[in-house]
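Structure first, then comments.
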Amino acid sequence: MEQSQETTAADPGLAAYALSGSTRARLGERAAETARRLAGEGIVAVALTWVDVSGITRTKTVPVDRLEHAARWGVGMSPVFDVFLLDDSVVSGRYIGGPTGDLRLHPVLERLVPMAALPGWAHAPALRYAQDGSAHPLDARTLLRRETDRLAALGWSVKAAFEIEWAVSKGGGDDFSPACKGPAYGMTRVTELAGYLRDVLGALKSSGVTVAQLHPEYAAGQYEVSVTAEDPAGAADTAVLVRETVRAVTLEHGLAASFSPKVEAGSVGNGGHVHLSLWREGPAGGTANATARGTANSLPGGPANATGRGSVNAMAGGSGPYAMTGAGESFTAGILHRLPALLAIGAPTVASYLRLIPSHWAGAFACWGLENREAALRLVTGAEGERETAANVEVKCVDAAANPYLLLAALLAAGRDGLGTGLRLPEPVDVDPAALGEDERAARGIAPLPASLAESVAAFEADPVLRDALGEAVIDTVSAVRRGEIALLDGATPQQIAAATRWRH
Ligand code: GLU
Ligand code: MG
């Protein structure tokens with residue numbers, strides 16, 4: 001491992017996110033109270049989790065009696081995990097690498113929940129700080145909070161939700177052997193695993209997750225759960241909690257869950273689609289409050305926020321395409337415009353590009369369309385009558401291996417840039433672009449998305465907006481990890497790639 005890291009990856013733009021002494025004291029008091037309540041509920045330990053650059057959820061845990069200490073002072077963890085690959089081998093970037101250094105993991109207390117699927121355990125997403133309390137520049141949850149705040153300062157908030165797809169295998173062994181035989185979307189599949197699916201729903205509910213629906217998906221043994229939209233950090237927290245809950249219930253039933261983008265080389269993969277809607281703070285059509293910072297967490301859910309001002313969905317009720325407002329269109333166009341670069345975060349593994357192929361509902365072309373499941377961006381308007389709350393754009397080309405915090409931070413930054421430049425959408429696409437043929441696609445300006453991780457990384461490194469929003473340390477570290485995984489799987493067959501990725505996320 002090289003030892004030549006630049007000494008600091010510090011990002012001055014994160015100064016506002018540092019932990020002060022008074023915050024530590026307040027967190028300690030709150031944690032003591034929480035720990036007393038948890039102990040009364042039979043909780044023994046708390047898992048503090050964060051998601052690494054390669055998309056794997058890592059953890060340190062504390063007995064419930066140490067929660068107060070953890071909230072105030074954090075739990076130690078090496079920064080080197082930022083350069084771990086999916087097989088746990090380690091690379092080195094310009095800023096991160098090597099055995100030295102210490103980060104403090106602090107539980108996000110307002111998102112601490114008992115994990116019904118792991119009796120005696122609670123889960124808390126963690127924030128990572130340096131020992132001096134400064135925010136770690138690779139802390140994806142903090143980067144997401146900063147993007148949320150940047151939008152809030154312009155008068156906007158975002159509601160987000162991840163769809164989680166997974167494939168269930170009979171337990172034991174490294175191969176995938178579907179745990180049910182029923183057809184795609186078939187009721188047979190529910191009947192076959194009814195007790196398991198009931199327990200998934202029960203555990204999610206008991207952990208405070210609001211499930212919108214659960215269904216058998218297309219691929220063998222595949223299911224999907226979708227949840228209601230939340231503020232962005234909350235949506236990413238929920239994505240982690242849902243995955244760990246599903247994994248635990250699956251194991252409890254003697255089965256195994258794969259969230260890999262491509263479980264079997266020849267099959268349909270697991271997406272991790274992101275639904276986004278953009279909300280205007282303040283009276284409809286009114287001017288934004290430029291000091292709206294910090295309100296995003298309390299916003300989503302109702303027609304009016306705590307201050308009595310309305311919040312209005314910019315994806316509906318406007319005069320743009322399919323009734324998007326100009327802002328909704330620009331936000332969407334900002335994301336569309338940068339999809340190749342965004343894929344370095346949203347489709348982060350070599351296996352992701354086995355999934356991201358035409359005519360598999362993965363959204364392999366850089367285009368958008370109304371309810372078009374082959375477009376990278378699918379506009380969902382919702383049923384007549386509920387559009388004001390339901391309209392959103394679904395980012396389909398991203399998968400379940402992505403770090404949900406980093407992905408949302410990048411999507412919000414791209415959308416914010418679209419808003420700032422007043423970007424317009426091209427013509428919508430209402431067919432499978434694969435059916436058009438190359439000439440017709442070229443005439444309509446529909447480009448295929450990157451066909452490999454190397455292409456996405458090249459676009460990512462060249463992208464000024466993401467560099468500016470996320471910071472040098474993120475660009476460098478993400479690129480180093482991606483290059484490490486490309487090298488790791490160089491020359492592997494699709495089936496070998498699928499096998500190496502299958503049980504990692
Ligand atoms: N499993 C598909 C994917 O790889 C998505 C199917 C769907 O549209 O939900 O993204
Ligand atoms: Mg699906």
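None of the figures in this text is laboratory data; all of them are computed from the coordinates on show. Please read all numbers here as calculations on a predicted model, not as lab measurements. Glycine gets a Cβ as well: all are built from the backbone with ideal geometry, and neighbour counts include every protein chain shown.
Remarks
- Integer Hz, Karplus 6.51/-1.76/1.60 couplings in order for the stretch 330-343, x for Gly and Pro: 5, 4, 5, 5, x, 6, 4, 4, 10, 4, x, 5, 5, 5
- Rg/Rg_globular for the stretch 178-262, with Rg_globular taken as 2.2 N^0.38 Å and Rg from C-alpha atoms: 1.07
- Ordering Met324, Met115, Met187 from the fewest to the most neighbouring beta carbons within 10 Å gives Met187, Met115, Met324.
- Of every Cα-Cα pair in the stretch 314-391, the percent that sits beyond 15 Å: 60
- Normalised by 2.2 N^0.38 Å, where N counts its residues, the alpha-carbon radius of gyration of the stretch 445-490 equals 1.25.
- The stretch 34-116, relative contact order in percent, only Cα pairs under 8 angstrom and at least six apart counted: 27
- Gyration tensor verdict on the stretch 1-103 (Cα atoms; rounded if a/c is under 1.5, prolate if a/b is larger than b/c, oblate otherwise): oblate
- Amide H contacts under 5 Å for Gly282, placed H, 5+ residues apart: Gly310
- Burial ordering of Thr49, Thr493, fewest other beta-carbon atoms within 10 Å first: Thr493, Thr49
- Karplus 3J(HN,Hα) series, Hz, for the stretch 421-434 with 6.51 cos²θ - 1.76 cosθ + 1.60 (x for Gly, Pro): 9, x, 4, 10, 7, x, 4, x, 10, 10, 9, 6, x, 5
- Placing unit charges on the Cβ atoms only, positive for Lys and Arg and negative for Asp and Glu, gives the stretch 1-144 a dipole magnitude near 480 debye about its Cα centre.
- Spin-label model, Thr100/Glu438: points 7 Å from Cα along the beta carbon direction are separated by 5.3 nm.
- Shown here are the Rg and Dmax of the Cα trace of the stretch 49-98, at 13.0, 38 Å.
- Placed amide H near Cys367: partners under 5 Å, 5+ positions off or other chain: Ala376, Leu377
- Listed by Cβ neighbour count within 10 Å, with the fewest neighbours leading, Ser260, Ser177, Ser479 appear as Ser177, Ser479, Ser260.
- Value of relative contact order over the stretch 137-282, rounded to a whole percent, pairs C-alpha under 8 Å and six or more apart: 39
- Dipole in debye (nearest 20) - the chain, about Cα centre, beta carbon charges: Lys, Arg +1; Asp, Glu -1: 1080
- Mean sequence separation of contacting Cα pairs (under 8 Å, at least six apart), scaled by the length of the chain, corresponds to a relative contact order of 17 percent.
- Fraction in percent of alpha-carbon pairs per bin - 10 Å, the stretch 92-223: 10, 24, 27, 25, 13, 1
- Size descriptor, Kirkwood hydrodynamic radius, that averages inverse alpha-carbon separations across the stretch 165-220, Å: 12.3
- Rg over Rh, two decimals, the chain (C-alpha only, Kirkwood Rh): 0.94
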